[in-house]
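Read through the structure below, which is laid out as structure tokens, and then see the notes.
Only the coordinates and a few stated rules stand behind these numbers; no lab work does. Since this is a predicted model, take the numbers as computed values, not measurements. Because the Cβ atoms are built from the backbone with ideal geometry, glycine has one as well, and the counts that use them run over all protein chains shown.
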Amino acid sequence: MARIRVLVVDDHRIFAESLAAALAAEPDVEVAAAGSGPAALRALERAAAEARPYDVILVDAELGALAPGGGPPAVPLPRQEEPGAVDGIALVAQVRAARPGVRSVVLAEKDDPRCAARALQAGASGWVAKDCSLQRLLTVVRGVLRDETHLPPALLTGVLRELTATRKHRTESQQLVESLTPREREVLRCMVAGLGRKAVAERLFLSPHTVRTHMQNVLGKLGVHSTLAAVALARRAGVGPAEPVATARLAGDVVERGSQLA
């Protein structure tokens with residue numbers, strides 16, 4: 001019998017252990033648990049190295065979040081204080097990028113159309129209430145392995161509305177970016193990369209005054225009033241950061257530049 005390897009990722013120990021035990025009682029399921037995003041990523045990497053990859057991860061939507069009232073999560077799993085802790089949706093995105101063969105299902109305390117839409121955009125294949133029946137959860141786990149997407153019926157309308165709004169905002173942002181000149185788009189990509197005016201000037205071989213003018217034009221055409229707002233709009237439109245400069249062509253020759261322009 002082919003066994004389904006499941007990784008439960010939740011920082012509430014009682015819930016994680018109870019769910020893992022219930023799943024392990026199934027004859028075709030093998031299960032483990034992780035108490036944080038970094039621990040989950042390490043478990044996925046270790047399993048892949050051993051040629052025993054996980055098939056599905058079940059991720060707490062509020063992984064690492066504060067409990068109601070601002071206190072720490074109730075009964076957290078023992079874990080080291082480690083940098084790079086991520087929330088549930090961010091973990092889904094990281095797993096999708098690092099282990100595209102692993103299916104992600106988000107476990108949620110409550111139905112939230114906006115959060116569910118974010119989860120789907122991050123790469124989740126399912127959204128399940130934490131208080132659902134074990135049989136329902138197993139149906140979702142087996143379904144996502146058949147490339148199905150599972151959402152509670154009550155969430156469908158709200159999620160579709162959120163996805164449609166996101167698509168509309170992306171399209172509007174793309175149209176605004178397309179109104180920029182090629183040079184202004186170069187400047188915008190530098191802004192997305194976090195470069196200041198002087199660094200942009202050095203990179204593009206322009207004077208700081210010219211760069212300042214380009215930046216003002218970019219803000220004006222995008223209809224925003226700050227660099228942060230411009231960067232946010234650019235990211236919605238799919239504009240990536242400028243690549244690090246390794247070489248620059250001058251008078252037909254390639255001159256090595258290193259990390260900074262000479």
* To do: Report the full-extension gain for the segment ALA232 to ARG3: residue separation times 0.36 nm, less the Cα-Cα distance, to one decimal in nm.
  => 78.1 nm
* Amide proton proximity set for ALA33, modelled H, under 5 Å, gap of 5+ -> VAL8
* Quick one: net charge of PRO241's neighbours, Cβ under 14 Å, K/R +1, D/E -1? -> +2
* How much net charge surrounds LEU180 when only other residues with a Cβ under 10 Å from its Cβ are counted (Lys, Arg +1; Asp, Glu -1)? -> 0
